[in-house]
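Here's the structure we're looking at; comments come further down.
Read the figures in this text as sums done on the coordinates, not as results from a lab. Values in this document were obtained by computation on a predicted structure and should not be read as measured data. Heads up, the Cβs are rebuilt from the backbone with ideal geometry, glycines too, and the neighbour counts pull from every protein chain shown.
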Amino acid sequence: MRDVSTWREPVPPDGTMGEPRARGRFGEYGGRYAPESLVEACREVDEAFRDAWADPGFRGALARLLAVHAGRPTPLTPARRLSEALGVQLYLKREDLTHTGSHKINNVMGQALLATRMGRRRLIAETGAGQHGVATATAAALLGLEATVFMGERDIERQALNVFRMRMLGAEVVPVTTGSRTLKDATSEAMRHWVGATGDSHYCIGSVVGPDPYPWMVREFQRIIGDEARGQCAAELRTGVPDYVVACVGGGSHAAGTFAGFADTPARLVGVEAEGGAGAARGRLGVLHGCRSLFLQDDDGQITQAHSIAAGLDYPGVGPEHAHLRDLGRARYVTVTDDEAVGAAVRLARTEGIVPALESAHALAWVIGAADGGDLPAGSTVLMTLSGRGDKDVSTLKELL
Amino acid sequence: MTNPTLAAGAVERHLRARRDTGRGLLMPYVTGGITPGWTDYLRAFAAAGADAIEVGLPFSDPTLDGVTIQQAGETALARGASTRRILADLSGMPDVGVPLVASTYYNLVLHDGHEAFCAALRRAGVGGLIVPDLPVHEADELTDVAADAGIELVLLASPATPQPRLAEISCRSRGFVYAVSLMGTTGERAALAVSAAELTERIRRVTDQPVLLGFGISTPDQAREARRHADGVVVGAAVMRRVLDGAGPDDLRAFLATLRQALDQECDRPR
Ligand SMILES: Cc1ncc(COP(=O)(O)O)c(C=O)c1O
């Protein structure tokens, strides 16, 4: 477990998670580093999103879908027994209770609705853990769209349950056999495919990565987590605002959505990365998959492969806004190991009756370690987003436990 | 901002001069470091009548390349290829007599830093640079730094590019304008895409710089057809598939000679 930067208070300007600056910039990060063949498609997504996001009709339709189909709002659950053991007050924002079992549905419902508004008939997606793929397949079925999901061969093996779910939902799952055969390569292949399909297909990126406007758009679609939690904390917490807001970070979409609800408060924001996929904590400036951000690289500038037991955290980079929040000192990025995450998953199951996704277990592992190690002062209030449920990970866990 | 002592614009001057004699331009591609003696391919390309040679600096995540060039890049990287080693190989060989144009993804440029990267290209005798994931609206800084180092930054135009943007790309591109013939990745195709003719015509309306068509051009017939619209062709995957299948420099010289001949035969272009 390692910290890379220290807090800076009060909240600096430009760290409040508003609209990016010109040309999709969050500080020096972001941008639209897309091949020329995709630049026009990105511009169309940007224009359509700005238009839709300013349209109460679109917002209302999305809110209805999220309510009647995805099960929002999700509850805020006090983790009573675990809180007592840790000496902090831990609250869980329950994205695991959404339809399809993770926060990914928030973004996908937004993008799928946008795609229909743009007249697209097919969604393209990449997936690591399979949660974004399942969400995409679900939204496509619901709205009468086709779905093509790219997934690394290695992830197809370890997330077999989700592969079956996607196919059952009518999506085409395309195995990716290049490179590390995980999320990074699935993303590259989805982009290649989009180049030849911009006319009728929308690329539904699953995290706050990719060329402008994706990092901003996906964060806005995930912001509902933070906005709901802000209201729930105001009602439930004596202090109104938690002392700490914690979420795991793969690309960083639900962390960004959660942070966005608290960026203008004194809450300390903590992003938890996998030890083997720590783009924010250990990455260097680079450009991959359309944006300038922090990426794990070797001395020659080649992107290195991430390694995590949690397929959804197996990405060598981090969204550009997180890189910016890190530079500002507004958020802090820490790492936990596979073992710590597995231990935290078991502990949550046995104290609260919740089996978390291995991704989410990383966030919890930091909370446990920080409470035990004194990094989290006794009595602190902690909001942690529980991004997904653990069903998809049972075969991985079965081999370990 | 260009430095006159470093012969800025040499690639463009060379290509213009050849084009103006009525010659169809041929720019074959090779992935740097693909075999131990890979620079022999450059000599073979020049001997076959190449007008410029594109040297790929392999990157771990080539998001605009199809399977052939992906495989070539993986093979080269597995052999230990890197920007530094490839440029060292180039520095160690005698001038092949035609301009060398490096191509790579932006991460490798950013990793070394614009100045250092361009200076290293220049020292290795490279005159141009193609960065397919650096579109015109993000390219200002590198264009200037490259020009100061005597490197011509070539920009790509696509069938999806709207006309006003095409004018901007053509105006800012150095060396030549790289016309991406189709909406897709690199890789051999059965026929020249219909979008190729339309795109080239649209570029012609806004510039008289040399225009090379690339992506998918694999056969003499396709080169001949491309030549009816453009000043010449870039041939990548068709070369690299042969190299991956074990073809040596002599085999590639023979293949490129068939393309050279096709380009030389095609004289009835409307210009
Ligand atoms: C349950 C769960 N949590 C977290 C993530 C990581 O994604 P992000 O960082 O974009 O929230 C994933 C991605 O697949 C996931 O499935």
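Data overview
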read-out	value
Rg to Rh, two decimals, where region A:162-224 supplies the alpha carbon set and Rh follows Kirkwood	0.99
Segment A:A54-A:T177, length gained on full extension (0.36 nm per residue, minus Cα span)	40.2 nm
Region B:200-261 pair-distance distribution - Cα-Cα, 5 Å bins, rounded %	4, 17, 26, 21, 15, 9, 5, 3, 0
Label point distance in nm, B:C171-A:R80, each placed 7 Å from Cα along Cα→Cβ	6.9 nm
Cα gyration tensor, region B:10-266 - rounded (a/c under 1.5), prolate or oblate	rounded
Relative contact order of chain A, pairs being alpha-carbon contacts under 8 Å that are 6 or more residues apart, as %	22 percent
Fluctuation leader among A:P20, A:P213, A:P377 - chain A, Gaussian network, Cα springs under 10 angstrom	A:P377
Relative contact order %, region B:10-266, counting alpha carbon pairs below 8 Å whose residues are six or more apart	23 percent
Tensor-based shape of region A:243-394 (alpha-carbon gyration tensor, a/c under 1.5 rounded, otherwise prolate or oblate)	oblate
Sequence-separation-based contact order of region A:272-390, relative, with Cα cut under 8 Å and 6+ spacing, percent	24 percent
Within region B:10-266: Cβ-based charge dipole about Cα centre, in debye rounded to nearest 20 (Lys, Arg +1; Asp, Glu -1)	500 debye
Rounded, prolate or oblate (a/c below 1.5 giving rounded, otherwise prolate when a/b exceeds b/c) for chain A by Cα gyration tensor	rounded
Mean residue ellipticity (222 nm) of chain B, computed from DSSP H runs ≥ 4 via -39,500 (n - 2.57), nearest 500	-13000 deg cm²/dmol
Proxy reagent accessibility, fewest Cβ within 10 Å first, across B:S91, A:S83	B:S91, A:S83
Cβ charges +1 (Lys, Arg) and -1 (Asp, Glu), total dipole of the protein assembly as shown, debye	820 debye
Dipole of region B:10-266 [Lys/Arg +1, Asp/Glu -1 at C-beta], most positive-end residue of B:G214, B:Q70, B:L25	B:L25
Extension gain, A:D339 back to A:E236 (0.36 nm per residue minus Cα-Cα distance, nm)	33.8 nm
Cβ-defined net charge surrounding B:P135, 12 Å radius [Lys, Arg +1; Asp, Glu -1]	-2
Top of A:A135, A:A281, A:A370 by mean-square fluctuation, Gaussian network on chain A, Cα under 10 Å	A:A370
Residues with amide H under 5 Å from that of A:F150, placed H, sequence gap 5 or more	A:A125, A:E126, A:T127, A:V174
Proportion of all alpha-carbon pairs of the protein assembly as shown beyond 50 Å (%)	16 percent
Sites matching trypsin sites (Lys or Arg not before Pro) across region A:93-159 that sit in DSSP coil, with at most 16 neighbouring C-beta atoms within 10 Å	A:R121
Around A:A247: net Lys/Arg minus Asp/Glu count, Cβ-Cβ under 11 Å	-2
B:R84-B:D144 pseudo-label distance in nm [points 7 Å out on the Cα-to-Cβ vector]	2.9 nm
Electrostatic dipole magnitude of region A:96-237 [Cβ: Lys, Arg +1; Asp, Glu -1; Cα centre; debye, to 20]	180 debye
Label-point separation, A:R121 to A:A61 (7 Å along Cα→Cβ), nm	1.8 nm
Length added when fully stretched, B:H137-B:T258, from 0.36 nm per residue minus Cα-Cα	39.8 nm
Shielding by other protein chains, B:107-113, mean Cβ within 10 Å	6
Value at 222 nm in deg cm²/dmol, rounded to 500, when DSSP H runs of n ≥ 4 in chain A each add -39,500 (n - 2.57)	-13500 deg cm²/dmol
Most mobile listed residue (A:T182, A:T385, A:T74) in chain A, GNM with C-alpha springs under 10 Å	A:T74
Environment charge of A:L97, counting only residues whose C-beta is closer than 11 Å and scoring Lys/Arg +1, Asp/Glu -1	+2
